[in-house]
Amino acid sequence: MNEQAQISDNAHPRLPRGVRLTHNEAQGGWILLAPERVFKADAISAEILKRCTGEVTMAAIVDDLAKTFNAPRERIHTDVVKLLTSLADKKLLEL
Amino acid sequence: MAIQDTLPNPLGLLAELTHRCPLGCPYCSNPLALDQRAEELDTATWARVFCEAVGLGVLQVHLSGGEPAARRDLIDIVKTARDAGLYTNLITSAVGLKLQTLGDLADAGLDHVQISIQDSEQKSADHIAGYDGASARKRALAAEVVRLGLPLTINMVVHRANISRIEAMVELVLALGASRVEIAHVQYYGWALKNRAALMPTREQVERAVRQVELLRAKHHGRIVIDAVVPDYYARFPKPCVGGWGRRSLNVTPAGKVLPCHAAEVIPGLEFWTVREHSLGEIWRSSPAFSAFRGTDWMQEPCKTCARRDQDFGGCRCQAFLIAGDARAADPVCHLSPHHALVEQLAAAREDMGFSYRHS
């Protein structure tokens, strides 16, 4: 199974309880806080994560990002699937 | 000041709220001389410490002990930590923490709970904890954590008395509904050092356990996160203790002393500052104990010119002192240490004696 097949466009990704995105000046930007772990989120990841509220589908998130950043939808789709898959594997995201 | 530009920002604060604990685990990392209740910091001081920690860049607070639920103001402490902007992690034995209190803690914004288990077999688990019925209470509290929708980590401490049941323990962790498990081989400090001969597994047991953990990781990938702490007496290289001295974390004792790691008080001659007299920022930047082994200038050979010196930071300073008698020496678990033979002797000095419990 390739990565793209693992997340459906209709999935409603959301950060589970105990996983939070926060901005911290001293640490230089966006941080994803999780049980006993912290991850630095680059600007693109942070934009994706801000949209993982459980209220919208992954397809809608991709559309929104493509529109907001005026970028090719296909590339955005690849980036989003890659990030969400790796987070779901680490139990940092619910689908 | 130039040094402030190059100082790292700490990420984590270990807040030891109290040394009081109903359990007596023989591997407890608390010091042999415990802080007394009358010396404990009050709620307002902890609130101030949390705010100062956030100012330094700290992201997560680990509320620990002892048993943090022994503090009657635990809910207020969690609330103030969350208000300060910290991710709050409660590290509990589950004994003495009422289900109702857990609900109140969740309402106060608690982010995550970590519960320790001692074994998959209840009788053995209670024996190790030195507390009849501890295992049943832990299972009940774990169920309540899951019911409340809080993420749960189970910490299982591994040693000679339970190392053959790692697989069964992971099955138990899955049944409890945890999303993460820490398989932590005993580290020999505090009470664990006192009980070392009774706790130390054999090399064959450790190697088998390491292989088993790899298999379990593959088997349960995506279902549960398995983090494992390698038993360092059998390692080739030392662990990068606390991510480097004075680099990533701070530890505040019940009485308010600030330590670079929880065992640091065993090293003679270090001057620790307390939050009763200084701000956390002052302590991080200027206290003699934090400056003592920060960076690489303090190193001797073989660390000084070692290619791994910025990777493992010479290992653990406390272990260097405890085994080699010199806190500036290479951690003797490193095979390059001139004292490495001592570690092999200590690992071989196993003895089937009873545990020495901290409350007996």
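Readers should treat all values here as calculations from the given coordinates under stated rules, not as data from a laboratory. Because the structure is predicted, anything quoted here is derived from the model rather than measured. Quick reminder, even Gly has a Cβ in these numbers, built from the backbone with ideal geometry, and neighbours come from all protein chains shown.
Please build a GNM for chain A, connecting alpha carbons under 10 Å apart, and tell me which residue among A:LEU84, A:LEU33, A:LEU65 fluctuates the most. Comparing A:LEU84, A:LEU33, A:LEU65 in the GNM, the peak value goes to A:LEU33.
Summing +1 for each Lys or Arg and -1 for each Asp or Glu, what net charge is found among the other residues whose Cβ lies under 15 Å from the Cβ of B:PHE272? That works out to -2. Of the beta bridges in the protein assembly as shown, as assigned by DSSP with both residues counted there, near 30 percent are antiparallel. Within the straight-line cut-off of under 28 Å between alpha carbons, the lysines reachable from A:LYS50 are A:LYS40, A:LYS67, A:LYS82, A:LYS90, A:LYS91, B:LYS79, sequence neighbours fewer than 8 places apart in one chain being disregarded. Gyration tensor analysis over the Cα atoms of segment B:176-248 returns equivalent ellipsoid semi-axes of 23, 18, 13 Å (largest first, whole Å). Result for chain B in a Gaussian network model with C-alpha springs under 10 Å: among B:ALA320, B:ALA38, B:ALA134, the largest mean-square fluctuation is at B:ALA38. The average projected area of the protein assembly as shown, computed from the convex hull of its Cα atoms over all directions, is 22.8 nm².
Note on chain B: with charges restricted to the Cβ of Lys and Arg (+1) and Asp and Glu (-1), its dipole about the Cα centre is near 520 debye.
By the compact-protein rule of thumb, 2.2 N^0.38 Å, the alpha-carbon radius of gyration of segment B:42-135 corresponds to a ratio of 1.19.
For segment B:149-308, a Kirkwood radius taken over Cα pairs fed into Stokes-Einstein (25 °C, viscosity 0.890 mPa s) yields D = 134 µm²/s. The helix-based estimate of mean residue ellipticity at 222 nm for chain B, built from -39,500 (n - 2.57) per DSSP H run of four or more residues and divided by its residue count, is -9500 deg cm²/dmol to the nearest 500.
Please give the net charge around B:GLY325, taking every other residue with its beta carbon less than 14 angstrom from that of B:GLY325, where Lys and Arg add +1 and Asp and Glu add -1. In short, 0. Residues whose amide H lies under 5 Å from that of B:ASN251, counting only those 5 or more places away or on a different chain, are B:LEU14, B:LEU259; hydrogens are built 1.01 Å from N in the peptide plane. Taking GluC sites (Glu not before Pro) across segment B:245-289, the ones in a DSSP loop with at most 11 further Cβ atoms lying within 10 angstrom of their Cβ are B:GLU271, B:GLU277. Pairs of alpha carbons in segment B:117-210 separated by more than 20 Å make up 38% of all such pairs. Which residue fluctuates most in the GNM of chain B (Cα springs below 10 Å): B:ALA307, B:ALA349, B:ALA53? So, out of B:ALA307, B:ALA349, B:ALA53, the one fluctuating most is B:ALA307.
Normalised by 2.2 N^0.38 Å, where N is the number of residues, the alpha-carbon radius of gyration of segment B:215-360 equals 1.20. For segment A:34-95, GluC sites (Glu not before Pro) are listed when DSSP marks them as loop and at most 14 other Cβ atoms sit within 10 Å of their Cβ; the list is A:GLU55.
The modelled label-to-label distance for the pair A:ASP63/B:THR45, using points 7 Å beyond Cα in the direction of Cβ, is 5.8 nm. Normalised by the number of residues in segment B:204-360, the average gap of Cα pairs under 8 Å and 6 or more apart makes the relative contact order 22 percent. When each of A:HIS23, B:HIS339, B:HIS19 is scored by the number of other beta-carbon atoms lying within 10 Å, the sequence from fewest to most is A:HIS23, B:HIS339, B:HIS19.
Just to confirm a number: summing +1 for Lys and Arg and -1 for Asp and Glu over residues other than B:ALA70 whose beta-carbon lies under 9 angstrom from that of B:ALA70, what do you get? Here the count lands on +3. Relative to the compact-globule estimate of 2.2 N^0.38 Å, the Cα radius of gyration of segment B:91-148 comes out at 1.14. When each of B:ILE226, A:ILE61 is scored by the number of other beta-carbon atoms lying within 10 Å, the sequence from fewest to most is B:ILE226, A:ILE61. In a reduced charge model with +1 at each Lys and Arg Cβ and -1 at each Asp and Glu Cβ, the protein assembly as shown shows a dipole moment near 440 debye about its Cα centre.
Computed from the Cα positions only, the extents of chain A along the three principal axes stand at 34, 28, 24 Å, in decreasing order.
Hull volume per residue, based on the alpha-carbon atoms of chain B and their convex hull, is 137 Å³. Rounded to whole Å, the principal axis extents of the Cα atoms in segment B:214-285 read 51, 28, 21, largest first.
Farthest towards the positive end of the charge dipole of chain B, among the residues B:ALA178, B:VAL61, B:ALA197, is the Cα of B:ALA178, using unit charges on the Cβ of Lys, Arg, Asp and Glu. Partner lysines whose Cα lies under 24 Å from the Cα of B:LYS194, excluding those fewer than 8 positions away in the same chain, are identified as B:LYS123, B:LYS239, B:LYS257.
Loop-resident trypsin sites (Lys or Arg not before Pro) (DSSP state other than H, G, I, E or B) in segment B:64-108 with no more than 14 further Cβ atoms inside 10 Å of their Cβ: B:ARG72, B:LYS98.
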